1. Kindly indicate whether residue 201 is at pLDDT below 95, away from the ligand (no atom under 16 Å from the Cβ) and either part of a helix (DSSP H, G or I) or within 23 Å of residue 287 (Cβ to Cβ) (or both).
2. Within segment 212-247, count every residue that is surrounded by fewer than 20 Cβ atoms within 10 Å (Cβ to Cβ), within 13 Å of the ligand (Cβ to nearest atom) and more than 19 Å from residue 155 (Cβ to Cβ).
3. Can you confirm whether residue 190 is without any contact (Cβ under 8 Å) to a residue 24 or more places away in the chain, away from the ligand (no atom under 16 Å from the Cβ) and surrounded by fewer than 17 Cβ atoms within 10 Å (Cβ to Cβ)?
4. Against the conditions (1) surrounded by 15 or more Cβ atoms within 10 Å (Cβ to Cβ); (2) away from the ligand (no atom under 11 Å from the Cβ); (3) part of a helix (DSSP H, G or I), where does residue 251 fall short? Just the number, please.
5. From 27, 40, which residue is part of a helix (DSSP H, G or I) and out of contact with any helix residue (DSSP H, G or I) (no Cβ under 8 Å at 6 or more places or on another chain)?
6. Among the strands (runs of 3 or more DSSP E) lying completely within segment 65-171, list those that include at least 2 residues that are touching a helix residue (DSSP H, G or I) at 6+ places or on another chain (Cβ under 6 Å) and surrounded by fewer than 23 Cβ atoms within 10 Å (Cβ to Cβ).
7. In the list 332, 277, which residue meets the criterion of being assigned to a strand (DSSP E or B), touching a residue at least 24 places away in the same chain (Cβ under 8 Å) and touching a strand residue (DSSP E or B) at 6+ places or on another chain (Cβ under 8 Å)?
8. Which one of the conditions (1) out of contact with any strand residue (DSSP E or B) (no Cβ under 6 Å at 6 or more places or on another chain); (2) free of Cβ contacts under 8 Å to residues at least 40 places away in the same chain; (3) on the phi < 0 side of the Ramachandran plot does residue 101 fail to meet, given that it meets all the rest?
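The values are calculated or read from the model by the stated rules, or taken from the named source; none is laboratory data. As the structure is a prediction and not an experimental result, all values here were calculated from the model. With ideal geometry, Cβ positions are generated from the backbone for all residues, glycine too; neighbour counts draw on all protein chains shown.
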Ligand code: GLY
């Protein structure tokens, strides 16, 4: 599989990527190397990583607890302390081996430790392969508000090894699929059609195409001043739903992808009302999403709180909620304003 060149770093695929990683380690003469894992990636991914990486340099393991609830400043302080105790300095390297929590948090820890050390992302979930590890966004949550604290910082390289996908649950794979569907609707409808119509997916091809699309967008607008906002298609309502379910004592948490999938149905509805996105597509999207993810119940009484949480979305300016909407598949508009009543209607459309 061909490598992809991002702004300042390459994305290498499959086993060849480990040779590239070994040569970076050899050539850059790091003073020390750390690998950030959680208990799952330590058990299931770290052995493969060590087997494939040809290096005689010692690598110190730093382990954190698995799960979105640990993607916070307290965990960062734990990692900074561990690195300090283990003698990390400005010439140290941090390798992140895990899903979006590990790559986002690890990138943030590295880019702020002693004003910034180099880091390399090795995503192990589909979500982190196609989205979180690429594009330079790093950070942590603030309470239930997602990714509120962070910086833009690029890794030195990304290793995409789809073999790690055998270590995650089908639910996590479905979660990552939502981001591929997002790229499909906004940039290349083939991706959505393949997921919708084809039970035997060529996952490596879908990952490669997704990263290509994300990279093109990020190269044009690295700091999300304009066009990069398209990568938040489905995320404005999706993040509101995700945070609401995370905070609720009675509702079972949704994965990021499950919430974003709900967001794409609602935002397709908004698109039809605001930009005349074809009516038949909103039914196609709703039916495909419910087939893949099942139906989540959103009560009438949940709606105001979900809209309240959407006000924290980072795309908003001056307290107004900003949406990415579709005029058609592969044809979008950023910075769309939508009245609250229509947002409520869109959640009712999902529920209906
Ligand atoms: N996950 C959206 C972005 O990287 O911009």
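1. Numbers: at pLDDT below 95: yes; away from the ligand (no atom under 16 Å from the Cβ): yes; either part of a helix (DSSP H, G or I) or within 23 Å of residue 287 (Cβ to Cβ) (or both): yes.
Criteria met by residue 201.
2. Number satisfying all stated conditions: 4.
3. Yes; evaluated as a whole, the condition is true for this residue.
4. For residue 251, the failing item is (3).
5. Going through 27, 40 in turn, just one is part of a helix (DSSP H, G or I) and out of contact with any helix residue (DSSP H, G or I) (no Cβ under 8 Å at 6 or more places or on another chain): 27.
6. Because the criterion is at least 2 residues that are touching a helix residue (DSSP H, G or I) at 6+ places or on another chain (Cβ under 6 Å) and surrounded by fewer than 23 Cβ atoms within 10 Å (Cβ to Cβ), the strands (runs of 3 or more DSSP E) in segment 65-171 that meet it are 137-142, 145-152.
7. Values: 277 fails: assigned to a strand (DSSP E or B).
On inspection, the qualifying residue turns out to be 332.
8. (2)
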